[in-house]
Amino acid sequence: MSDAQIGRRALLRGAGGLAALAALPSLAACGTGTSRAAAGGKGGGKTVVVRDSGGSYGAALQKAIYTPFTQETGIQVKVLNLDDAPLLAQIKQGRPQCDLINNSMMSHYKYVKQDALEALDLDRVKSLRSAKIPKAQITDHAIGHSFYGQCIGYRTDAFGGRKPESWADFWDTKAFQGSRAMVHPDGDLPELEFALLADGVPMDKLYPLDVDRAFKVLTELRPDIKKFWDSGPLPGVLLSRQEVTMSTVWDGRLADLQKQGVPVERQLNGTRRQFQGYAIAKGAANIDAAYKLMDFSLRAESQANLVKFFPSNPSSPVAYEKLTEDQRNASAGAPQYYDKGFDADVDWWLKNESAVTKRWLEWARG
């Protein structure tokens, strides 16, 4: 799960979010960095500018993707840790500071509505075929490279040896006693799907979401929800302090706690997947280099390499064959877990996010 998600929902919430962003003035980048390689590589003197979210995710991308890319091609990678508002404003003004954009696929869809992305020539992305990128993650303007999963996190010492197996168990506070935590819209999309799964709706019948039914089921659990979290680390903190016995959580967020001996585990049945992807900014100055970095990043080998430095879930099924058994078992995208989860329906959420979020805020206030 990338650091980008922490503030994304607050920034982009609402169907008109990016339209509002377009009116903002152009701003300087939050921070920059450059990948450097030894002199004499191919394409010396060329540069590509990529937007990512920085933090531990950005540091991992530098080690796993940007530095090897520069070593292979000689093309320097300049990094901008730029928020959506100034980036979109720059594109609208015809002078984007970045070429390649690493962002959520949902954000890319919103950019498309603002005519802010280049239409992709997929023939220039050779790794699509070898990496076997899922067709659902290949669009006219963006390609998904990884996902984060939202799942159940729980204390293993809380239920007398029993383990929750489903969202129905998350809702069952008699058999699995203790308080719960769920996400706030400032942290991620409201968790209507989990309520419907708890109420018996099959994963392949979730969409279009029955919003009324979902809120009815959420209301049943409301007295036991102690906290609504808005940042990735918070569910782990709540579980560690035993303030809750179960929480929704981003799938990679419990690994460090487990290493510290905290008795927590995740349950991946019913995981909601949301993908990150690459797109090229409309009017990018270095389009050729952007295609080359995109192609390099989507290689199965590159996606697998990123897992060594960050708890990423590659979109390429071939990437999992290149991981160690321990790495594969830790990934929510591994073959033994993948069919237990589902992809968030981006089209549905684009149309309904604003209304659902408004209703959620009213519901949470009770």
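The values are calculated or read from the model by the stated rules, or taken from the named source; none is laboratory data. In this text the structure is predicted, and so the values were computed from the model without any measurement. Positions of Cβ are backbone-derived with ideal geometry, glycine not excepted, and every protein chain shown enters the neighbour counts. When the accessible area is computed, the model is the full protein with side chains, heavy atoms only, and any ligands, DNA or RNA have been set aside. Shrake-Rupley method; radii C 1.70, N 1.55, O 1.52, S 1.80 Å.
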May I have the extent of the alpha carbons of segment 103-181 along their three principal axes, as whole Å values ordered from largest to smallest?
55, 32, 17
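For the cross-link pairs Lys63/Lys135; Lys126/Lys322; Lys259/Lys351; Lys174/Lys227, which exceed 30 Å when the distance is taken from alpha carbon to alpha carbon?
On the way: Lys63/Lys135 28 Å; Lys126/Lys322 19 Å; Lys259/Lys351 41 Å; Lys174/Lys227 19 Å.
In this structure, Lys259/Lys351 lie more than 30 Å apart at Cα.
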Suppose the chain between Lys340 and Asp288 were pulled fully straight at 0.36 nm per residue; how much longer would it get relative to their current alpha carbon spacing?
14.9 nm
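Computed FRET efficiency, Cβ-Cβ of Arg124 and Lys216, R0 56 Å: what is it to the nearest 0.05?
Step by step, r from the Cβ atoms, then E = 0.70.
Taking only the alpha-carbon atoms of the chain, what semi-axes of the equivalent ellipsoid follow from 5 times the gyration tensor eigenvalues under a square root, in whole Å, largest first?
The equivalent ellipsoid of the chain has semi-axes of 35, 23, 18 Å.
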Under unit Cβ charges (Lys, Arg +1; Asp, Glu -1), what dipole magnitude, rounded to 20 debye, does segment 88-150 have relative to its Cα centre?
140
Within the accessible area of the chain (1.4 Å probe), percent carbon and sulfur
48
With axes computed from alpha carbons, what is the tilt in degrees of helix 346-365 against the longest principal axis of the chain, rounded to the nearest 10 within 0 to 90?
40
Mean accessible surface per residue for the chain, computed with a 1.4 Å probe while every protein chain stays in place, in Å²
42
Two-decimal ratio, segment 42-180, of alpha-carbon radius of gyration to 2.2 N^0.38 Å
1.45
Sort all Cα-Cα distances of segment 79-129 into consecutive 10 angstrom bins from zero, then give the percent of pairs in each bin up to the one containing the longest distance.
21, 53, 23, 2
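Given a cut-off of 25 Å, what percent of all Cα-Cα pairs of segment 211-366 lie beyond it? Don't skip to the answer; put the middle values down first.
Numbers: 5698 of 12090 pairs.
That tail contains 47 percent of the Cα-Cα pairs.
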Taking 0.36 nm per residue of separation between Ala255 and Thr67 and subtracting their Cα-Cα distance, the length gained on full extension comes to 65.1 nm
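At 0.36 nm per residue, and after removing the present C-alpha to C-alpha distance, how many nm does the segment from Ser56 to Asp230 gain when stretched out fully?
Numbers: separation 174, 0.36 × 174 = 62.64 nm, distance 1.84 nm.
Working it through step by step, the gained length comes to 60.8 nm.
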Taking the Cα atoms only, what angle lies between the long axis of helix 287-298 and the longest principal axis of the chain, rounded to 10 degrees?
40
